[in-house]
1. Just give me the residues in the range 32-76 being in contact with a Leu (Cβ under 9 Å, 6 or more places away or on another chain), over 26 Å from Ile429 (Cα atoms) and not charged (D, E, K, R), in sequence order.
2. Which residue pairs have Cβ atoms closer than 7 Å, lie 6 or more positions apart in sequence or on different chains, and pair a first residue in the range 97-120 that is within 28 Å of Asp154 (Cα to Cα) with a second residue that is more than 16 Å from the ligand (Cβ to nearest atom) and in a helix (DSSP H, G or I)?
3. Is it the case that some residue within the range 17-32 is more than 23 Å from Asn418 (Cα to Cα), more than 16 Å from the ligand (Cβ to nearest atom) and not aliphatic (A, V, I, L, M)?
4. Identify the residue in the range 328-347 that is of a type outside the set (Gly, Ala, Ser) and within 15 Å of the ligand (Cβ to nearest atom) and, among all such residues, is modelled with the lowest pLDDT.
5. Scan the range 350-365 and tell me whether some residue there is at pLDDT below 95, surrounded by 17 or more Cβ atoms within 10 Å (Cβ to Cβ) and among the basic types (Lys, Arg).
6. For the range 392-404, indicate whether the set of residues that are over 29 Å from Gly26 (Cβ atoms) and either in contact (Cβ under 8 Å) with a residue 40 or more places away in the chain or surrounded by 22 or more Cβ atoms within 10 Å (Cβ to Cβ) (or both) is non-empty.
7. Of the residues Leu423, Leu403, only one is under 30 Å from Leu233 (Cα atoms) and either in contact with a Leu (Cβ under 9 Å, 6 or more places away or on another chain) or modelled with pLDDT of 95 or more (or both); which?
Amino acid sequence: MIPKGVKIEEAKGKLGVLLPGLGAVGTTVVAGVELVRGGFSKPIGSLTQMGTIRLGKRTDNNVPMIKDFVPLAKLEDLVFGGWDIYNDDVYASAMNAGVLTRDDLGKIREKLQAVKPMKAVFDTRYVKNLDGPNKKTGKNKMDLAEQLMKDMADFKKANGLSRLVVVWCGSTETYLEKSPVWDTPETFEKGLKENHESISSSMIYAYAAIKSGFPYANGAPHMCTDIPALLALAKQAKIPISGKDFKTGQTLMKTLLAPGFKARMLGVRGWFSTNILGNRDGLVLDEPLSFRSKEVTKLSSLEYIFQPEKHPDLYGQLYHKVRINYYPPAGDNKEAWDNIDLFGWLGYPMQVKVDFLCRDSILAAPVALDLALFMDLAQRAGMHGIQEWLSFYYKSPMVAEGLYPEHDLFIQLMKLKNTLRYLKGEDLITHLGLEYYD
Ligand SMILES: NC(=O)c1ccc[n+]([C@@H]2O[C@H](COP(=O)([O-])OP(=O)(O)OC[C@H]3O[C@@H](n4cnc5c(N)ncnc54)[C@H](O)[C@@H]3O)[C@@H](O)[C@H]2O)c1
């Protein structure tokens with residue numbers, strides 16, 4: 001239970017943001033923050049930078065910016081670093097990703113060239129379609145975790161940081177079946193020493209972050225901190241964690257549209273979604289086991305929003321299909337098609353077709369930035385374990401055992417803002433109008 005109006009430590013000094021994975025999303029976050037800091041662009045899409053929050057009654061007219069209401073780290077105080085299996089610095093990697101223009105990247109070239117990836121913990125067993133030269137070697141997985149902890153400590157010291165957060169922007173790992181090695185911190189640590197195959201590279205990063213006392217957010221759909229051993233470690237060490245899978249593109253659209261159909265009690269018989277994308281993420285997802293990780297997170301949102309068990313007449317027959325097609329010419333500019341077969345009054349059928357020509361990393365970068373800032377806030381506010389109030393940012397939000405995840409974007413936003421109000425001791429907004437009784 002979070003006490004109302006908690007003491008939040010000030011955001012003093014610099015905040016390190018370490019990204020495992022400096023590919024399309026990772027470089028777009030770093031370059032984006034540099035462009036904003038340089039006054040070249042605006043942080044569009046970032047709730048922490050552009051969002052407001054209403055306080056008190058509507059008549060109070062008190063609507064501060066979120067960044068002025070809660071003590072967030074300032075963009076000027078962020079220092080970025082990361083790991084990747086490729087040697088490219090952030091400038092070269094961003095050029096290769098092709099998300100931002102040469103013109104934009106040229107404005108901040110030196111700053112981006114200064115961010116060079118540290119050697120990654122990587123094993124092709126978990127990401128089959130990739131390999132690269134910039135990797136650590138060690139006698140076992142525990143040794144690799146210790147090397148990561150040293151990277152984090154060295155980065156903190158070298159940059160004179162007061163705090164650090166880790167946000168996974170690396171590739172999607174293969175789907176792993178549940179293993180007893182995930183059960184407790186003890187079984188997990190034994191597994192690290194014995195090189196257990198059910199411990200993926202991303203779990204090693206998460207373990208290293210938690211053990212070092214740094215919050216960890218998971219932007220990919222694979223299992224990571226959502227295993228009992230790492231959940232328990234995060235609780236013990238009082239570290240905030242959150243995940244998983246940045247909510248962008250098609251799922252963002254789904255969680256905008258589906259709550260609307262449900263609110264009006266319109267039925268949905270079928271929802272067919274297909275994605276056409278040509279970036280490295282698409283290449284990784286072309287591999288069936290990595291796709292399986294993604295499919296699980298992509299499929300779950302509609303089930304939870306529609307609650308077919310409570311509304312069998314409306315959603316009991318829903319057929320939901322998700323496809324991802326790797327098509328290199330598309331690059332990072334993904335096309336997401338949805339065909340929705342819905343029905344209204346007396347069961348009469350209708351269709352909605354959505355063709356979202358989106359830019360994946362343009363949608364993901366502000367999400368990664370906000371998560372870094374809010375995870376740091378959570379730690380300074382003494383919040384630990386799963387940060388459900390950040391579900392707003394995820395396709396498949398992590399929740400405490402026994403609870404179901406909230407997927408409705410508008411409920412998620414209300415939860416996020418009410419958490420901020422609660423932390424600052426402000427009244428929660430209920431939208432209840434008592435004027436009818438005046
Ligand atoms: N782009 C989006 O809109 C979006 C949305 C939701 C989730 N995601 C997820 O975010 C992640 C990154 O997406 P992206 O488009 O930037 O992909 P990307 O392929 O461009 O970048 C991922 C980078 O991670 C590196 N990497 C892989 N394993 C690593 C490891 N163990 N350690 C360090 N580096 C490692 C790769 O070499 C690559 O450079 C993916 O898991 C993707 O599914 C992206």
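The values are calculated or read from the model by the stated rules, or taken from the named source; none is laboratory data. Since this is a predicted model, take the numbers as computed values, not measurements. Ideal geometry is used to build each Cβ from the backbone, glycine not excepted, and the neighbour counts take in all protein chains shown.
1. Gly32, Val33, Leu35, Val36, Ser41, Pro43, Leu75
2. Short answer, once both residue conditions are applied: Ile108/Glu34; Ile108/Leu35; Lys111/Glu34; Leu112/Glu34.
3. Scanning the range 17-32 turns up no residue that is more than 23 Å from Asn418 (Cα to Cα), more than 16 Å from the ligand (Cβ to nearest atom) and not aliphatic (A, V, I, L, M).
4. Checking each candidate, the answer is Asp332.
5. Yes, the range 350-365 has at least one match.
6. Checked against the condition, which is being over 29 Å from Gly26 (Cβ atoms) and either in contact (Cβ under 8 Å) with a residue 40 or more places away in the chain or surrounded by 22 or more Cβ atoms within 10 Å (Cβ to Cβ) (or both), the range 392-404 yields at least one hit.
7. Being under 30 Å from Leu233 (Cα atoms) and either in contact with a Leu (Cβ under 9 Å, 6 or more places away or on another chain) or modelled with pLDDT of 95 or more (or both) holds for just one of Leu423, Leu403, which is Leu423.
Residues checked against (1) in a loop (DSSP other than H, G, I, E, B); (2) under 27 Å from Phe214 (Cβ atoms):
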| site | (1), (2) |
| --- | --- |
| Ile8 | yes, yes |
| Leu15 | no, yes |
| Leu19 | no, yes |
| Ala31 | no, yes |
| Val36 | no, yes |
| Ile44 | yes, no |
| Gln49 | no, yes |
